[in-house]
Every structure is written in structure tokens, then in C-alpha cells.
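The values are calculated or read from the model by the stated rules, or taken from the named source; none is laboratory data. Computed from a predicted structure; not experimentally measured. Cβ atoms come from the backbone with ideal geometry, glycine included; neighbour counts cover every protein chain shown.
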Amino acid sequence: MRLHLGLEKTLKENTMSMKSAYRSLYIAIALLAAAIVLHVAMAPRHAAKETHEDVQLLAPDFNAETLGSVVVRNAHGVTTVYRSPEGWRIKEKNDFFAHREDIDTLVFALCSENARTTSLSESLRQEAGFPPQEDGATLELCDLDGNALAVYQLGRLLENHDNTPQKRYILLPDQRTATSQYLFPFADRRAAEWLEKSIPELLAPAAVAMVKNGVPAWQIVFRHNRYQLKTPLPEDQTVSPTAVEQVIKTLQEISIIDVLPEKITLEQSGQAKPVILVVTRKDGLIMFLSFGKTPQGLMTLQMTAETSQQSQQKYADATDTDESDEAAAIRRQALEKAAADFNKRYVKWTFLLKPFSTEVLFPELLKLTEQL
């Protein structure tokens, strides 16, 4: 009897233990099922966030001739590059000319780059820099009447790994978020970075003379397919083998880095007698280059051109020709137009020059006249 009761008690305890185990198993299964349901429920949102689409910033058939201005707003301020009848100009740089290739490159990037869109959560949206933070920027394209064609807001830079291209978050006009590789460098620019920096009229001079007190100190001319020193030298002076080539090379490599808001006077430049180079172009145009310095020691350049007979006789490497009166009149008209075009492009402004690029032209710095 006692044995029977013991077995019954043990059986009950085992049954209760099994029920407890089953209960724990049911709870575990329920928790697992809940986790699976939760994962499935969240999966669509996660997939949506990771879904990407490549879109073009502008239509491939975009007509660049309808573009009237580009307005850049960034940490450096506002820069307005606008189209004029003479070419692209920069409003904030006293309306001096912009580099046309920069505009073409920007339009090409807008029409050809595939920006990758992504759906960002609000926290990631703020992390991407929207609304724009201090290091953000806005690039606005307008038509010829000033109406906005598109506005792009640029946020923060993305971290690049394993030498991947640098990209930046961008907010598209339809408020989609994307990343851009080629657009953001233009939106980060300063106004001076849009300037036309070269002076094409100086690339192939026929003659170059340096003037001191109204009298040419020396003159270099292009003869027999090379540049030669024309001015006779005293017996105790010799010519550096590379001095002539260096003068021409430096002249050709003059680079504008900025445009002053207004023309400065000789008194303001701190140099009452500036260095003047008189450059004769191969078509006979005479260009006067007046070099000075700002009070801070930066090199400046002012330019003008003329075609007067007096200047040609005084500075140009003029030679007698057998051209007829009619041909001479045509040539004179062409030169007058060339001078007018040159002055329209350059005479209003004072330019700051790239440091060290023009030092060889200044006798007080490198004693070039002594070499010559």
C-alpha cells in the first residue's frame, strides 16, 4: 500500500514537471513567433531605407542656352555667375568675366551625373545636413529671366573608404535625398575661383619692351622663329642664356587670382613709378601692362591697348610694308576694333596676380635688366 502511494506521488511530481517544461516551451515558442512577426513587420521599412535609385540631375536634352545664371550660396557668401552678351560674368567680382569652361563643366555634370537617391529617416536626414548646416551650400540655376530652373541643397560630405570617390549628400528639387560626386565642388567655391584667370592676348607676342621713364630699357622681338634681344648692350654687359626665354614664358603664364572692387591709383599701390611692359601682338596691337603692388605687397596689373601711330613708332618693332592704302585702312580698322575689344574686357579692372609668377619681370626683384 505504501509502495503504491509512493509511486503515485512520484508520478504526480513528474507530471507537474512535464507541464512546467511544456509551459516554458510554449512561452519560448510564443516569444520566437513574436520576434519573427516583428522582424517581418519591420523588414519592409528597412528595405525601403536601403533602396537606391540612380537619377539624372537634369534631363539629357537640357538646353544650356536657356541657362541665364548660377547662384551659389555657401560659407564664403553668395556668388552670382550670369550670362551677358559678351560672355559669362561674376556679379560679386565687379562683373569681370568668368571662365567659360567652368560653366560648361557644371552643365555637363548636371546633365550626365547619375545621383543616387536614398530614403533617409529623420535622424539620418539631419545627419546628412538637412536643413543645411554651416558647411552646407545651395546651388540655384535660373533662366534668362531670372526664374529658378532648379535648386539643389548640399549637405555634409560622406566618408570615403578604400579610395572611393568623395561624395556629398544633396537634396533634390523634389525633396528626395541623393548623393552627388561631381556637383558639390562647384557649390563649395569662392567667387574668385570662377574668374577667367588667363590672358590669351599675351600668349604669342611679336615684341616686348620694358619702359623706364617713358624710354624703352630693352626690347625683345620674335625673329627667325625665336625671341631675341634687340636693344644693343654695353660692352660690359652679357645676356643670360635663358633670360629672354624666361621673360616671354613668364609673360605667357601670368595668372589672375582676384579682381579688386575698383581700379587703384598709383598712390594707393604704393609705387609712384610702376613697371610698364609694352607688348606688341603679331597683328600690331599695342598693349600696355602696368605692374604695381598693393600696400600688402601683392602684385597688381592694369592693362590698356591702343593703335596710335605714335605708339607703333615708339614701341613696336615696326617695319616698312608695301601694302596699299586700301589694305592699310582695312588693317587699321581691324586694329581699332581689336583695341576696343581689349579695353572693353580689361581696362576697367585692377587684377591681383598669382604670387611668384611675375617676379622675373621686376628688375628691382631679380635685376633682370642687369642680366639683359
Among the residues of the range 326-352, what is the count of those that are over 30 Å from T300 (Cβ atoms) and of a type outside the set (D, E)? 8
When K197 is evaluated against the numbered criteria (1) within 30 Å of the chain's Cα centre (by Cα); (2) of a type in the set (K, R); (3) at pLDDT below 85, which criterion, by number, is the only one it fails? (3)
Looking at A192, A217 in this structure, which one is touching a strand residue (DSSP E or B) at 6+ places or on another chain (Cβ under 6 Å) and closer than 26 Å to R83 by Cα? A192
Which listed residue, of V78, V72, V37, is among the hydrophobic types (A, V, I, L, M, F, W, C), at pLDDT 70 or above and out of contact with any Leu (no Cβ under 9 Å at 6 or more places or on another chain): V78
Taking D317 and the conditions (1) more than 27 Å from the chain's Cα centre (by Cα); (2) modelled with pLDDT of 65 or more, which numbered condition does it fall short on, given that it satisfies the others? (2)
Filter the range 328-371 for residues that are among the hydroxyl-bearing types (S, T, Y) and assigned to a helix (DSSP H, G or I); which is modelled with the highest pLDDT? Y346
Within the range 92-102, can you find the residues that are part of a helix (DSSP H, G or I) and either within 13 Å of the chain's Cα centre (by Cα) or modelled with pLDDT of 95 or more (or both)? R100, E101, D102
Residue, farthest from the chain's Cα centre (by Cα), within the range 287-305, restricted to residues that are over 15 Å from L251 (Cα atoms) and at pLDDT 80 or above: A305
Looking at P241, P205, which is the one that is farther than 30 Å from A150 by Cα and at pLDDT 85 or above? P205
Quickly run through the range 247-262 and pick out the residues that are surrounded by fewer than 16 Cβ atoms within 10 Å (Cβ to Cβ) and over 16 Å from V278 (Cα atoms). E253, S255, P261, E262
Which residue, of D143, D135, D174, D188, is at pLDDT 90 or above, surrounded by fewer than 21 Cβ atoms within 10 Å (Cβ to Cβ) and among the charged types (D, E, K, R)? D143
